[in-house]
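Everything on this sheet refers to the single structure shown next.
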Amino acid sequence: MSQSAKLELVSFKVCPFVQRSVIALNAKGIAYTLTHINPHEPPDWFKAISPLGKVPVLLVDGTPLFESAVILEYVDEVYPPRCTRLSLWKKRGIGHGSSFVLSC
Ligand SMILES: N[C@@H](CCC(=O)N[C@@H](CS)C(=O)NCC(=O)O)C(=O)O
């Protein structure tokens, strides 16, 4: 686990679970690429990396992390500052829409 890892978030445009990952990554200013798929018609490469067949999946140097809560935990642990409710709220000026992040 390192901050220099290459991150790719596998996404579905209207998925709220993806959005909480996007909010966390953006709030911490982390560089990542976004790859959209349709999880209801998943490509073969996605089936191979996603045991549950759901998005989001965060590829960390190619290793898949799945479940948005786990992704949030990873992002919070590896990329300081910790997103304690208070610190993110105060330091980043994040409003109500980010309550997903604050639940991590
Ligand atoms: N508990 C999962 C839920 C993710 C989820 O349900 N994603 C939906 C899209 S919003 C999905 O991939 N559905 C495809 C399916 O269930 O086959 C998480 O928090 O990551």
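Only the coordinates and a few stated rules stand behind these numbers; no lab work does. As the structure is a prediction and not an experimental result, all values here were calculated from the model. Using ideal geometry, Cβ is built from the backbone for each residue, glycine included, and neighbour counts are taken over all protein chains shown.
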### Task
Being away from the ligand (no atom under 13 Å from the Cβ) and acidic (D, E) is the filter; apply it to region 60-80 and report the residue that is nearest to the chain's Cα centre (by Cα).
D76
### Query
For region 16-40, how many residues meet the condition of being more than 22 Å from C83 (Cα to Cα) and within 10 Å of the ligand (Cβ to nearest atom)?
4
